[in-house]
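Novice: I have a structure here, written as structure tokens, and I will follow up with some questions on it.
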């Protein structure tokens, strides 16, 4: 059986065995899995390889692009500003960002942006991935657009522009860019190895993602088609230095399972961890408050969203009921926050799988983790 680094509580033997088995079969190339309870690690495992030639082992400090799991850290930054009284979730976005009111968006609220209901789920064509890496210019383009549906009436997953929108709110309210704010106010104080905008000095420990098989969705509606093609990107974009350096708060966070679990333990534990209080219990609770519940106009499934996080729904069969919030990244990475158990489950990998909200591996690992939690 594949050799794993790290340690785990005996309750989670099935989770460890599942990870090792996936590495043995080649379903996984390299991966890390973590579980925390009350902020303390009860699972911290890693194994496999960082490259397809299997020349470099996945190490304790290996990091990779976690795609949309970045969104939850971006949302947490906004919640910190809510806690400090610098953002009001019920205020118009234009209170902080006047230009955003253009073309009928004056009624869009901060909570609409955080919960994917703003009507602005992508860029009007033509737009390329290179365009969105120029964050100030790409953000200004979003402010100038008209919404693609009536804001607040439905969710439409903000695939690649979530971090531009929320990040601009952070910048307008605080003065710092999203990546800097996260580093100085969240990951730095918590000692979490997670980055939105990666320094060149860290490139050597990045495990490049291995793209999944091509899957072309059928029957996309107008909003979904415009979102998925505005812009149309490939997983290999994550290999480039310009992508790594940019602050794409929807998709280019770099970290591992341990760092994701560390950051999100703040939510699991009511807003504070190891003497670092980022949120009050009331503000932390906003992540679990239902903001929308219906067929998502982009993903096409019935989803529930809180402020910055998905909530359990029939579309996510591997989540039990409870005071739980979560989100996944393209290819299967995931972070699950269970406030009832004061626990976090996270999984990060480099061989990307397929699936709408997690891969088959995601489901197996999360299921095994909940078995261990009891």
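Novice: Could you please give the count of residues in the stretch 223-274 that are in contact with a strand residue (DSSP E or B) (Cβ under 9 Å, 6 or more places away or on another chain) and either modelled with pLDDT under 95 or in a strand (DSSP E or B) (or both)?
Specialist: Qualifying residue count for the region: 4.
Novice: Next question. Return a yes/no flag: does the stretch 155-172 have any residue that is more than 18 Å from residue 70 (Cα to Cα), modelled with pLDDT of 95 or more, out of contact with any helix residue (DSSP H, G or I) (no Cβ under 8 Å at 6 or more places or on another chain) and surrounded by fewer than 20 Cβ atoms within 10 Å (Cβ to Cβ). Before the answer, list the steps.
Specialist: Taking the stretch 155-172 and keeping what is more than 18 Å from residue 70 (Cα to Cα), we get 155, 172.
Still in the list and also modelled with pLDDT of 95 or more: 155, 172.
Those still in the list that are out of contact with any helix residue (DSSP H, G or I) (no Cβ under 8 Å at 6 or more places or on another chain) too: 155.
Filter once more, keeping what is surrounded by fewer than 20 Cβ atoms within 10 Å (Cβ to Cβ): none.
No: the stretch 155-172 contains no residue that is more than 18 Å from residue 70 (Cα to Cα), modelled with pLDDT of 95 or more, out of contact with any helix residue (DSSP H, G or I) (no Cβ under 8 Å at 6 or more places or on another chain) and surrounded by fewer than 20 Cβ atoms within 10 Å (Cβ to Cβ).
Novice: If you don't mind, another one. Out of the residues in the stretch 293-306 meeting the condition of being part of a strand (DSSP E or B) and within 18 Å of the chain's Cα centre (by Cα), tell me which one is surrounded by the fewest Cβ atoms within 10 Å (Cβ to Cβ). Steps first, answer last, please.
Specialist: Narrowing the stretch 293-306 to residues part of a strand (DSSP E or B): 293-295, 302-305.
Subsequent filtering for residues that are within 18 Å of the chain's Cα centre (by Cα) retains 303-305.
Values: 303: 23, 304: 21, 305: 24.
Restricting to residues being part of a strand (DSSP E or B) and within 18 Å of the chain's Cα centre (by Cα), the top hit is 304.
Novice: Go through the stretch 13-49 and give me each residue that's assigned to a helix (DSSP H, G or I), surrounded by fewer than 22 Cβ atoms within 10 Å (Cβ to Cβ) and in contact with a helix residue (DSSP H, G or I) (Cβ under 6 Å, 6 or more places away or on another chain).
Specialist: Scanning the stretch 13-49 gives 14, 18.
Residue-wise test of (1) over 18 Å from the mean Cα position of the chain (by Cα); (2) in a loop (DSSP other than H, G, I, E, B).
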residue	(1), (2)
72	no, no
85	yes, yes
119	yes, yes
125	yes, yes
130	yes, no
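Novice: Mind checking which residues of the stretch 181-219 are assigned to a helix (DSSP H, G or I), in contact (Cβ under 8 Å) with a residue 40 or more places away in the chain and either under 17 Å from the mean Cα position of the chain (by Cα) or within 19 Å of residue 266 (Cα to Cα) (or both)? So that I can check it myself, show each step before the final result.
Specialist: Taking the stretch 181-219 first, the residues assigned to a helix (DSSP H, G or I) are 181-190, 200-205.
Within this subset, residues satisfying the condition of being in contact (Cβ under 8 Å) with a residue 40 or more places away in the chain are 181-182, 185-187, 189-190, 200, 202-203, 205.
Correct list: 181, 182, 185, 186, 187, 189, 190.
Novice: Also: Against the conditions (1) crowded, with 17+ Cβ neighbours inside 10 Å; (2) under 24 Å from the mean Cα position of the chain (by Cα); (3) farther than 23 Å from residue 284 by Cα, where does residue 109 fall short? Just the number, please.
Specialist: Among (1) crowded, with 17+ Cβ neighbours inside 10 Å; (2) under 24 Å from the mean Cα position of the chain (by Cα); (3) farther than 23 Å from residue 284 by Cα, the lone unmet condition for residue 109 is (3).
The values are calculated or read from the model by the stated rules, or taken from the named source; none is laboratory data. Just so it is clear, the model here is predicted, and its values are computed rather than measured. Note: ideal-geometry Cβ built from the backbone for every residue, glycine included; neighbour counts use all protein chains shown.
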